[in-house]
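A.B. asks: Following this message is one structure expressed as C-alpha cells.
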Amino acid sequence: MLEDSAIPSMFRVHFRDLTVNVGMHDRLDASHSVFRVVNGVKHPSFTSNAVRDINDIAILTLDNRLKFSDKVRPICLPSEDMNFHDLALAVAGWGKTRQGALTSSRYLQETRVKIVDADQCIKTSIYKENLVPDSMMCAYNLGKDACQVDD
C-alpha cells in the first residue's frame, strides 16, 4: 500500500518521494516492510481533470525485491480476452468506513463488488456519460464502495 497517498495523488509527486508498505494490514503494527520507490512509469494514457483521473495506474520499481509470504502475494493479471461481465471482484483500501468520518480505517478493508455493464453504470451512476469512458470498468455492490472516501 502506498504510504499516506491514494493512487491518483501519486501522479502529482515525484515517484522517488514515495514509499510502499508491503504486508501491512494494521496501521499500528510495525511488522510490515517499507520500500523506497526508485522509479515509476505512468500509464501512457493517464489524464487528470477536476472530476476524475483516467488510467490512474503505474508500474513502480522498488529499491529491493519483495519477499512473498502469507501477507504478500503476487497479483495475477487477466488475459486480454477475459470476460468480466457479472464477475465478482475483491477491492481493498484504507478508506473511511462511513461518510463524514474524520479518520481512515486502522485495518485494511476489503469488500466484493460486481462488474456491471457500461450502459447500466451510466444510467445508475452519479457520473455523467462522458465521465465513464469505454476503458473504465464499472463495479458495484449495494452499500459497498472502494473509492468514495478511500485514502
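A.B. asks: Please list the equivalent ellipsoid semi-axes of region 22-82, computed as the square roots of five times the alpha-carbon gyration tensor eigenvalues, in descending order and whole angstrom. Numbers along the way, then the final one.
C.D. replies: Working: eigenvalues 138, 57, 38 Å².
Whole-Å semi-axes of the equivalent ellipsoid: 26, 17, 14.
A.B. asks: Give the cross-link partners of residue 114 among the lysines, using a straight C-alpha distance below 30 Å as the criterion and excluding same-chain residues fewer than 8 apart.
C.D. replies: Of all the lysines, those that pass the test against residue 114 - Cα under 30 Å, at least 8 places apart if same chain - are 42, 71, 96, 123, 128, 144.
A.B. asks: Taking H as built 1.01 Å from N, whose amide H comes closer than 5 Å to the amide H of residue 57, not counting residues under 5 places away?
C.D. replies: Here the answer is 43, since their amide H atoms fall under 5 Å of that of residue 57.
A.B. asks: Sticking with this structure for a sec: Please identify the trypsin sites (Lys or Arg not before Pro) of region 30-109 that satisfy two criteria: DSSP loop assignment and at most 14 other Cβ atoms within 10 Å. Which are they? Mind dumping the intermediate values first?
C.D. replies: Working: sites: 36, 42, 52, 65, 67, 71, 96, 98, 106; in loops: 52, 65, 67, 71, 96, 98, 106.
The qualifying sites are 65, 67, 71, 98, 106.
Each value in this text was obtained by applying a stated rule to the coordinates, not by laboratory testing. All of these numbers come straight from a predicted model, not from anything done at the bench. We place every Cβ from the backbone using ideal geometry, glycine too, and count neighbours over all the protein chains shown.
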